[in-house]
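Step one of this worksheet: look at the structure below.
Values in this text are rule-based calculations from the coordinates and carry no lab data. Remember, predicted model here, so these are calculated numbers, not experimental data. With ideal geometry, Cβ positions are generated from the backbone for all residues, glycine too; neighbour counts draw on all protein chains shown.
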Amino acid sequence: MADEPVAAIGGKTPLAYAKTPTMDMLAPKSEIGLVHTIPEGMNPGSDTANLAVLGYDPKKYYTGRSPLEALSIGVPMKDTDIALRCNIVTVSDDELPYEEKTIIDHSSSEISTEDAAVLMKAIMEEMNDDIYQFYVGTSYRHLTIWQHGEVIELTPPHDVLGRVIGEYLPKDEKLREMMKKSYDILNHHPLNVERVKKGLNKANSLWFWGAGTRPALDSFEGKFGKKGAMISAVDLLKGIAVGAEMKNIDVEGANGTLETNWEGKADAAVKVLLEDGYDFVYIHMEAPDEMGHQGSLERKVKAIEYVDGRVLKRVVEKLDASGEDYRLLLMPDHPTPIAKRTHTSDPIPYLLYDSRKNAGTKGLYNEADAKAGGILVEHGYTLMSRLLERE
């Protein structure tokens, strides 16, 4: 959700430009500041950032992105296994050699899980062996387990959109060969022929990244003394929840896109707090990040307005009506500026609200006002203790 000033909207960020009446209502009563969620020297991934937001120091707990997704999918990992994120991406459909093709779309037009499963079945039939096994995840995000593999440096596809892929391919020869072979399997697959007719991008290549070893997170309840639940459509977040022994709540129609079931997420959060006996719920909304990757100002603004009007407003109104006191932390995990179409490590704005207090803050919830307020939290993983009043 966090971004940089955009000239087309008068030098405002999408967050400052969007119509966010609920955030505007909460802002004067809340503590607003900036927080670093990406530790120095670490990549600005959703994995490290969300671990930090949940109160886990990435320097201590991070073992790679894909192993967390393996937990979500239910794939058991041995100590000698390496997990790889396996995106289905769109590369240019031309006569050029594979290395000279261009990566067009990291999400293959936000491919549905149902379509992706058909394509992954074709991959598994031809490429599963004793060393490499492929597993279906969600949307464009899938998993490969490499037995007795090694953690090697791999480039995230959303970091190189619009570029020729050759210099970003894995140095490991077998991984590179499998990516080439995946193009041969997928590019003329009947499903991709139909996708083109519908005006969708072909999902025509695998892309490996995010290698890591089996994770070991402490229990959220053991760490903070609170029963926690997770609401997300993204395997990464679900995997973190599994590792932290939090309850995963599946919401029908929640898919991580702009067309997700926003209201369903809000209602599920309120239910788990007021009816199911949980103390804490983490509502993860992927759409602002996806729109940043797409470089779409209009759709990112809309995503932020949906967060405000279809989730935050609904949660606040229902909790207020219950008569229960509550605390609320609103924040992105990292910036995804539309001009860059990838993540950055800049500090992000947070809003910490307590229904029992009125902070008397000046300004609104956005990047500029958060900076002007003068509060800078150096270690993002400390915010969770503050939210839960464990300090």
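General observations
- Extension gain for E263 to E317 (0.36 nm times residue separation, less C-alpha to C-alpha distance): 18.2 nm.
- Pairs beyond 31 Å (Cα-Cα), from K121/K226; K181/K247; K202/K340; K198/K340; K180/K247: K121/K226; K181/K247; K180/K247
- For the stretch 150-208, the dipole from Cβ point charges (+1 on Lys and Arg, -1 on Asp and Glu) about the Cα centre works out to 420 debye, to the nearest 20.
- Helical contribution to [θ] at 222 nm, DSSP H n ≥ 4, -39,500 (n - 2.57), averaged over the chain, rounded to 500: -9500 deg cm²/dmol
- Sites D94 and E40, calculated FRET efficiency, Cβ-Cβ separation with R0 41 Å, nearest 0.05: 0.50
- For the chain, with +1 on Lys and Arg beta carbons and -1 on Asp and Glu, the positive-most of T20, S112, V75 along the dipole: T20
- The stretch 1-23 versus the stretch 208-265: alpha-carbon centroid distance in Å: 28 Å
- Tensor-based shape of the stretch 300-391 (alpha-carbon gyration tensor, a/c under 1.5 rounded, otherwise prolate or oblate): oblate
- Length added when fully stretched, E150-V118, from 0.36 nm per residue minus Cα-Cα: 8.6 nm
- Among P190, P288, P157, the largest mean-square fluctuation in a Gaussian network model of the chain (Cα springs under 10 Å) belongs to P190.
- Cα centre as origin, Lys/Arg/Asp/Glu Cβ charges: the stretch 73-212 dipole, Debye: 360 debye
- Label selected from [x] 38, 24, 18; [y] 53, 20, 19; [z] 36, 23, 19, the criterion being semi-axes √(5λ) of the Cα gyration tensor in Å as computed here: [z]
- If you plug the beta carbon distance of K357 and A7 into 1/(1 + (r/R0)^6) with R0 = 45 Å, you get a FRET efficiency near 0.75.
- Remark: spin-label model distance K371-R390 equals 3.2 nm, labels positioned 7 Å along the Cα→Cβ axis.
- Only the Cβ atoms of Lys and Arg (+1) and of Asp and Glu (-1) were treated as charged; on that basis the dipole of the stretch 222-369 about its Cα centre amounts to roughly 280 debye.
- Taking amide H atoms as placed 1.01 Å from N in the peptide plane, the amide H of K12 lies under 5 Å from those of V6, each 5 or more residues away in sequence or on another chain.
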